[in-house]
Structure formats: C-alpha cells, structure tokens
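J.: Below you'll find the structure I mean.
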C-alpha cells in the first residue's frame, strides 16, 4: 500500500484508546501500545520545555533500557544543544509542529554518541506543541533490531502526530491540575484558617485557586451562580479577606511555613 493511501486510512489514525486514557495512570502504557500499533514506534519520550530555559522528562516508555538515563541527561544538559531547539522555540502556541526527519549529521559528536550510538537508537521522529509557556516535545524512536521508520510508518506518524501531541499535553496538564487540587484539599482540611471553612466554601475556594471563573465553578459543582457567589462571600468573610489575591496570599504563606503540606 502506498504511504499516502495509508495516511488517509481512518484506521491508520485511530488513537482513540490513548485519548480515552488521558488523566489515567496507565496513559504511558496505552500511548506506547497505540504508537506501536499505528506506526511501529519502539519507544516514546516526552519532555516539557519552558521559555525560561528549563527542561524535564515527563514520560519514558518502550524498548530502550537506558531511557530513564537518557531522559535525565537530556533534561539536565543536552536540551540546550538539541538541533531542533530553534524550531521548537520559534513555534507558535497551540499549533502542533512536526520536526525534521532524523539525520545523524544534525547532532554533535557527543550528543550523537550518547543518544543514538550507545542507546542503539537508529531513527527518530518528533512532534511538539506549546500550551502557555510550556512546550510538550514528543519523541518517537526505533532501535537497531527494528530498523528505520519506513515511508508508510512516517506517513502514519504525520497523520496522528498532532492528535498525539495534543493528547500528551492534555494528559500532563490534567495530571498537574489533579495533583494541585489534591494538595489544596489537604491544605484546606488540615490548616487553619482554611480548615474553618464549610466543605462547600472550601470547594469554591479551591476552584478559585485552580483558576476557574465563577461561572465555571458553578458548572463544576452543579450549583447556581448565585450560590457560588454566596459561598465565596461567606468564605472571604470567615478568612477576613476581600479578594482572590488575598486568598492566594494565605495559601502561599501556609505553603511556605514550617509545616507546608506535611
């Protein structure tokens, strides 16, 4: 079958299982299984790059035994010498991009030795998407025993890469939000003056801290806008504050205190 025919085949772009796994603990396993099935990907790594210049490895899944070490090395130092860096940082927010095809000559000798020769990687494709100040950089690899991506596999990756990138970004954003909400729930349950609020007042305040508007809070909690505004007013009165900024100040002071979330 010709590459372009494969790319137009709906089955070749079916990543439903990965999309449905967004926010779940098994997302990495479902993602790599989907990539293997759709485009013969052997390993996938996801990095978060910030416009401030920092990097972290968010996901390492597949058939490269030293993947964790590679992720740490890239995040710690080598992201600065990635030949794709300019293309990544020139991209506009919200627009998925597909990075140039892998060619050994693109990389410096030390980079090439560590990330390709020593790790047995023979081919790489990548996509990326910016959300806010964070770039989710998704890399797809194949090792020697698999050989390089063929034209059909590259065509499939071209088809699914935008949706894969968006799914990865959504997963890690939701995970971060869920972790933050869990931390806030612990703070509100255990630390004065927040613990003095009623359960519903705490819920409203937590959603305010997560950046939701009053309308969005009403929808999330299944209550009227009037009720949301009333709970917010009562919570602020109990805390002796009159603004969202003051609520943030209370939380930041508790987090910076000797007990933090412990």
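J.: Name the residues in segment 93-111 that are over 13 Å from residue 74 (Cβ atoms), part of a helix (DSSP H, G or I) and in contact with a helix residue (DSSP H, G or I) (Cβ under 8 Å, 6 or more places away or on another chain), would you?
T.: Keep residues of segment 93-111 that are over 13 Å from residue 74 (Cβ atoms), which gives 93-106, 108-109.
Adding the requirement that they be part of a helix (DSSP H, G or I) leaves 104-106, 109.
Listed by number, the list holds a single entry, 104.
J.: I'm checking my understanding of the structure. Among residues of segment 217-258 that are in a loop (DSSP other than H, G, I, E, B), in contact with a helix residue (DSSP H, G or I) (Cβ under 9 Å, 6 or more places away or on another chain) and exposed (fewer than 11 other Cβ atoms within 10 Å of the Cβ), which one is modelled with the lowest pLDDT?
T.: Checked segment 217-258; the qualifying residue modelled with the lowest pLDDT is 243.
J.: If you scan segment 32-69, which residues turn out to be in contact (Cβ under 8 Å) with a residue 12 or more places away in the chain, in contact with a strand residue (DSSP E or B) (Cβ under 7 Å, 6 or more places away or on another chain) and over 19 Å from residue 146 (Cα atoms)?
T.: Within segment 32-69, 46, 47, 48, 49, 50, 55, 56, 57, 58, 59 qualify.
J.: If I ask for residues that are farther than 18 Å from residue 169 by Cβ and under 19 Å from the mean Cα position of the chain (by Cα), which ones from segment 74-118 would you list?
T.: Answer for segment 74-118, where residues must be farther than 18 Å from residue 169 by Cβ and under 19 Å from the mean Cα position of the chain (by Cα): 74, 76, 85.
J.: Same structure again: Report, by residue number, each residue of segment 125-136 that is buried (at least 21 other Cβ atoms within 10 Å of the Cβ) and either touching a helix residue (DSSP H, G or I) at 6+ places or on another chain (Cβ under 7 Å) or within 17 Å of residue 154 (Cβ to Cβ) (or both).
T.: Scanning segment 125-136 gives 125, 126, 127, 128, 129, 135, 136.
J.: Please work out which residue is nearest to residue 249 (Cα to Cα), limiting yourself to segment 183-203 and to residues that are part of a helix (DSSP H, G or I), more than 28 Å from the chain's Cα centre (by Cα) and touching a residue at least 40 places away in the same chain (Cβ under 8 Å).
T.: The qualifying residue nearest to residue 249 (Cα to Cα) is 194.
J.: Still on this structure, please answer the following. Anything in segment 113-133 that is more than 19 Å from residue 57 (Cα to Cα) and part of a helix (DSSP H, G or I)? List them, or say none.
T.: Those that are more than 19 Å from residue 57 (Cα to Cα) and part of a helix (DSSP H, G or I): 113, 117.
J.: Okay, moving on. Quick check, is residue 134 over 16 Å from residue 32 (Cα atoms) and assigned by TED's automatic domain parsing to the domain that holds residue 45?
T.: On the way: over 16 Å from residue 32 (Cα atoms): yes; assigned by TED's automatic domain parsing to the domain that holds residue 45: yes.
Criteria met by residue 134.
J.: On the basis of being more than 15 Å from residue 65 (Cα to Cα), part of a strand (DSSP E or B), under 26 Å from the mean Cα position of the chain (by Cα) and at pLDDT 90 or above, does residue 141 make the cut?
T.: no
J.: OK, next. Residues in segment 35-47 that are in contact with a helix residue (DSSP H, G or I) (Cβ under 7 Å, 6 or more places away or on another chain) and under 16 Å from residue 136 (Cβ atoms): how many? Spell out the reasoning first.
T.: So in segment 35-47, the residues in contact with a helix residue (DSSP H, G or I) (Cβ under 7 Å, 6 or more places away or on another chain) come out as 38-41, 43-47.
So of that shortlist, the ones also under 16 Å from residue 136 (Cβ atoms) come out as 44-47.
The total comes to 4.
J.: Within segment 204-216, take every residue that is without any contact (Cβ under 8 Å) to a residue 40 or more places away in the chain and under 25 Å from the mean Cα position of the chain (by Cα) and give me the one that is surrounded by the fewest Cβ atoms within 10 Å (Cβ to Cβ).
T.: At the first step, the residues of segment 204-216 found to be without any contact (Cβ under 8 Å) to a residue 40 or more places away in the chain are 204, 206-208, 210-216.
Imposing the further condition that a residue be under 25 Å from the mean Cα position of the chain (by Cα) reduces the set to 206-208, 210-213, 216.
Values: 206: 21, 207: 21, 208: 19, 210: 14, 211: 10, 212: 17, 213: 12, 216: 13.
Applying the filter and picking the extreme gives 211.
Condition check ((1) surrounded by fewer than 20 Cβ atoms within 10 Å (Cβ to Cβ); (2) under 18 Å from residue 141 (Cβ atoms); (3) modelled with pLDDT under 95) across all residues:
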site	(1), (2), (3)
17	yes, no, yes
33	yes, yes, no
62	no, yes, no
77	yes, no, yes
84	yes, yes, yes
92	yes, no, yes
104	yes, yes, yes
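J.: Moving on. Any residue at all in segment 178-194 that is in contact with a strand residue (DSSP E or B) (Cβ under 8 Å, 6 or more places away or on another chain) and closer than 21 Å to residue 24 by Cα? Step through it out loud before you land on a result.
T.: Here is the first cut: in segment 178-194, the ones in contact with a strand residue (DSSP E or B) (Cβ under 8 Å, 6 or more places away or on another chain) are none.
No, segment 178-194 contains no residue that is in contact with a strand residue (DSSP E or B) (Cβ under 8 Å, 6 or more places away or on another chain) and closer than 21 Å to residue 24 by Cα.
The values are calculated or read from the model by the stated rules, or taken from the named source; none is laboratory data. All values reported here derive from a predicted model rather than from experimental measurement. Glycine also receives a Cβ, built like all others from the backbone with ideal geometry; neighbour counts cover every protein chain displayed.
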